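Read-outs: derived from the displayed coordinates by stated rules, not from any lab. None of the values given here were measured: they were computed from a predicted structure. Every residue, glycine among them, receives a Cβ derived from its backbone with ideal geometry; neighbour counts consider all protein chains shown.
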Amino acid sequence: MSLLVLNDVGRRFGALQALSGISLSVEAGELRAIIGPNGAGKTTLFNLISGYFPPTDGSIVFGGEPITAGTPTALVKRGIIRTFQITEIFLSLTVRENLRVAVETAMGLNLRPWISAAVRTVVMNQVENLAEIVRITAKLDRVAGELSHGDQRVVEIGIVLAKSPKLLLLDEPTAGMGDEETHHMTDLIRRLNKDQGITMLFVEHDMAIVFGIADRITVLDNGRMLAEGNATEIAANPRVQAAYLGHAA
Amino acid sequence: MSTDLATETARTAPQARTGMSRRTIGNVVLGVVLLTVPLWLPLVGGYTDLASRVLIYALAAMGLNLLLGFTGGLSFGHAAYFGLGAYGVGLMLKYETHSLFLALGVGTLVGGLAATLLGPIAVRRRGIYFSMITIAIGQMFYFIAIRWNTLTGGYDGLSGFARPKFAGPGHLLSMGPTGMYYLVLAAFAIAALLLWIVLNAPLGHAFVAIRENHKRLTFLGVSTQRYIAISFAISGFIAALAGGLNALLDGFASPNLLNYSMSGDFLIIAVLGGMRNFYGPLAGAVIFVLVRDYVSSVTDNWMSVIGLVFVVSVIFFPMGVLGFFNRKSGS
Ligand SMILES: Nc1ncnc2c1ncn2[C@@H]1O[C@H](COP(=O)(O)OP(=O)(O)OP(=O)(O)O)[C@@H](O)[C@H]1O
Ligand SMILES: [Mg+2]
């Protein structure tokens with residue numbers, strides 16, 4: 001059974017049909033790339049799946065259950081966690097504090113007006129673990145807002161990992177990064193998928209990355225699904241080539 | 001990273017970082033200074049009631065600042081909870097009880113419960129709409145106090161109550177300015193300690209995270225409105241306690257205590273002192289009350305002087321007075 005299924009999903013904004021007729025299924029453990037030119041509807045797709053706003057058409061099923069008009073908090077409870085195209089972290093806090101509040105949220109501690117030393121230790125150990133996984137340990141005590149763009153992206157991934165996602169949505173995780181940061185992020189995405197088995201959808205413009213790590217690729221153009229397949233199929237698809245060459249010109 | 005007095009970094013909820021011992025020293029120094037106020041204040045030309053006023057305003061502004069500086073919610077209506085605390089204490093002492101602590105408890109409860117019940121309405125909106133709702137709710141109580149003449153004394157305010165006497169050895173002891181000061185100091189210390197604990201706990205971390213990025217927190221599954229409402233309620237209880245103490249200090253409750261201009265005073269105090277700073281409101285209250293006391297003895301136009309101080313300080317110390325010192329002593 002597929003983990004995520006979209007049946008003929010669409011989203012209108014007034015007169016603008018941002019997405020229409022989107023039907024796709026994502027298997028558990030899959031690493032799926034979503035590609036397409038600017039304005040194709042990739043972020044809108046993430047917004048629908050994560051409950052930022054509901055679809056105007058169609059239905060979404062997650063883990064066999066309908067989630068079509070779920071709120072963000074309800075969908076997070078089911079294990080759907082996302083990052084944003086523009087990094088959303090706690091800028092004036094340190095990296096440690098960023099991860100700490102995420103861990104406390106994941107542990108269901110948010111309402112506690114005091115904390116015992118024992119629980120604090122558990123939280124802090126988990127923070128260290130997350131930092132190791134995303135490889136930001138050396139910068140734990142730096143203020144997040146003072147980090148490079150790439151490191152801030154990494155911090156956001158650390159934050160969402162705290163919630164042990166079943167389905168992780170990454171919106172352009174490597175956007176605006178230098179070569180080294182891009183390499184680090186690509187490696188991180190691959191490790192999270194292969195080592196931790198996290199099912200992932202990621203939006204990416206860099207074709208080398210997409211072809212390099214994605215199991216399958218969904219191509220959107222102008223709100224519609226243009227193609228779907230593995231790297232070889234997509235690379236050879238004339239409609240994809242046309243769309244990309246057309247937009248590149 | 002922290003100064004002697006400014007134990008809180010400019011950015012976040014208090015947390016043991018590097019300056020643990022300096023922080024402890026800072027708290028001890030502050031404690032000694034506050035405990036000895038009745039001894040040294042007259043030497044520098046002050047009087048004890050003035051120090052009580054400073055601490056009462058600091059307490060109210062500290063409560064407000066949990067919402068403002070640590071949760072990111074700009075309330076223009078906290079005078080309502082301050083005022084409810086004041087009227088609650090006044091009415092209790094006038095009609096119901098001779099117990100100071102019962103009166104203070106009821107006053108705090110009335111104001112705090114009002115904030116607990118009304119906060120959830122305001123937090124349904126964010127930003128400017130949130131602020132507008134807090135004003136509207138606050139003014140409601142102001143107009144009720146003015147209209148309900150028979151109970152509240154209307155425009156004239158509520159009088160006819162005083163600090164109860166205490167059972168002493170063989171006779172009743174009245175509570176003078178010094179006793180009053182130590183009562184206020186005790187309330188301030190307890191409230192500050194509780195706030196400190198909350199800010200160091202997951203609840204406080206959630207407040208700060210909402211201030212920083214409520215969208216990120218929402219997409220971690222946190223219902224942020226609920227937490228803002230909790231912050232609102234706690235800050236309302238503290239403001240109400242401060243208001244109750246204010247009524248005890250004056251033996252009087254004026255409807256102006258409920259008015260939005262009073263809310264504005266608390267905001268000025270918090271911002272002036274440094275709203276990202278745990279003790280910022282205390283520093284702000286010292287400046288505010290001293291300027292008001294000194295300038296109003298020279299001219300009736302003290303508010304414009306406060307305004308000038310405020311504008312200058314916001315321009316030159318955008319992080320407040322303590323924020324400025326924090327930065328100086330930082331890297
Ligand atoms: N909340 C919204 N209200 C109105 N229009 C929107 C909204 N969100 C997206 N759109 C429109 O929907 C279309 C798709 O936008 P979307 O952000 O999904 O594109 P994208 O594929 O993520 O593009 P990019 O690569 O630039 O991030 C665009 O025309 C956009 O202007
Ligand atoms: Mg996008």
Segment B:127-241 shape via C-alpha gyration tensor axes, a/c threshold 1.5: oblate
Likely footprinting exposure, A:K42, A:K163, A:K77, fewest C-beta neighbours within 10 Å first: A:K77, A:K163, A:K42
Overall form of segment A:1-157 per C-alpha gyration tensor (a/c, 1.5; a/b vs b/c): prolate
Per-peptide average of other Cβ atoms within 10 Å, ordering B:37-46, B:157-166, A:215-224 highest first: A:215-224, B:157-166, B:37-46
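As an exercise, use a Förster radius of 51 Å and the Cβ-Cβ distance of A:E233 and B:E96 to find the FRET efficiency, rounded to the nearest 0.05.
0.05
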Chain A - percent relative contact order, Cα under 8 Å, separation 6 or more: 26 percent
Selected from B:Y294, B:Y155, B:Y279 as most flexible by GNM, with chain B as the system and alpha-carbon contacts under 10 Å: B:Y294
Highest-first arrangement of B:264-275, B:307-318, where packing means the average Cβ count within 10 Å: B:264-275, B:307-318
Separation of the A:A208 and A:T73 label points, Cα + 7 Å toward Cβ, nm: 4.4 nm
10 Å Cβ neighbours from other chains, averaged over peptide B:189-198: 1
More than 21 angstrom apart: percent of Cα pairs within segment B:77-154: 32 percent
Derived scalar couplings ³J(HN,Hα) [segment A:12-18; Karplus, 6.51 cos²θ - 1.76 cosθ + 1.60; whole Hz; x for Gly, Pro]: 10, 10, x, 7, 8, 8, 6
Two-site FRET efficiency, B:L194 against A:H183, from Cβ-Cβ distance with R₀ of 56 Å, rounded to 0.05: 0.70
Cα pair distances in segment B:46-258, grouped into 5 Å bins until the bin that holds the longest one, percent each: 1, 8, 15, 19, 18, 14, 10, 7, 4, 2, 1, 0, 0
Rg/Rh (Cα only; Kirkwood hydrodynamic radius) as it applies to segment B:18-131: 1.07
Rounded if a/c under 1.5, otherwise prolate or oblate - segment A:117-215, Cα gyration tensor axes: oblate
Size of electric dipole in segment B:46-258: Cβ of Lys, Arg +1 and of Asp, Glu -1, about Cα centre, debye, nearest 20: 600 debye
Theoretical FRET efficiency, 1/(1+(r/R0)^6), r = Cβ-Cβ of A:M1 and B:I128, R0 51 Å, to 0.05: 0.60
Distance between modelled label sites at A:L16 and B:R147, nm, 7 Å Cα→Cβ extension: 4.7 nm
Cα Rg over Rh - segment B:204-330, Kirkwood: 1.04
Most mobile of B:T178, B:T134, B:T71 in a GNM of chain B (Cα contacts under 10 Å): B:T178
Reachable lysines from B:K165, criterion Cα separation under 18 angstrom, eight or more residues apart if same chain: B:K94
Set of lysines with alpha-carbon distance to A:K163 below 20 Å, sequence-local pairs under 8 removed: A:K77, A:K194, B:K215
With Cα atoms, 0 to 90° folded angle of helix A:149-161 axis to chain A main axis: 80 degrees
For residues of B:38-46, the mean tally of beta carbons on other chains within 10 Å: 0
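If the chain between A:M124 and A:R191 were fully stretched, how many nm would it gain, using 0.36 nm times the residue separation less the Cα-Cα distance?
Length gained, A:M124 through A:R191: 21.8 nm.
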Proximal aspartates and glutamates relative to A:K139, as straight alpha-carbon distance under 16 Å, when same-chain residues fewer than 8 apart are discounted: A:E97, A:E128, A:D151, A:E156, A:E181
Space enclosed by the convex hull of the alpha-carbon atoms of the protein assembly as shown, per residue, Å³: 190 Å³
Cα principal axis extents for segment A:94-158, largest first, Å: 34, 19, 17
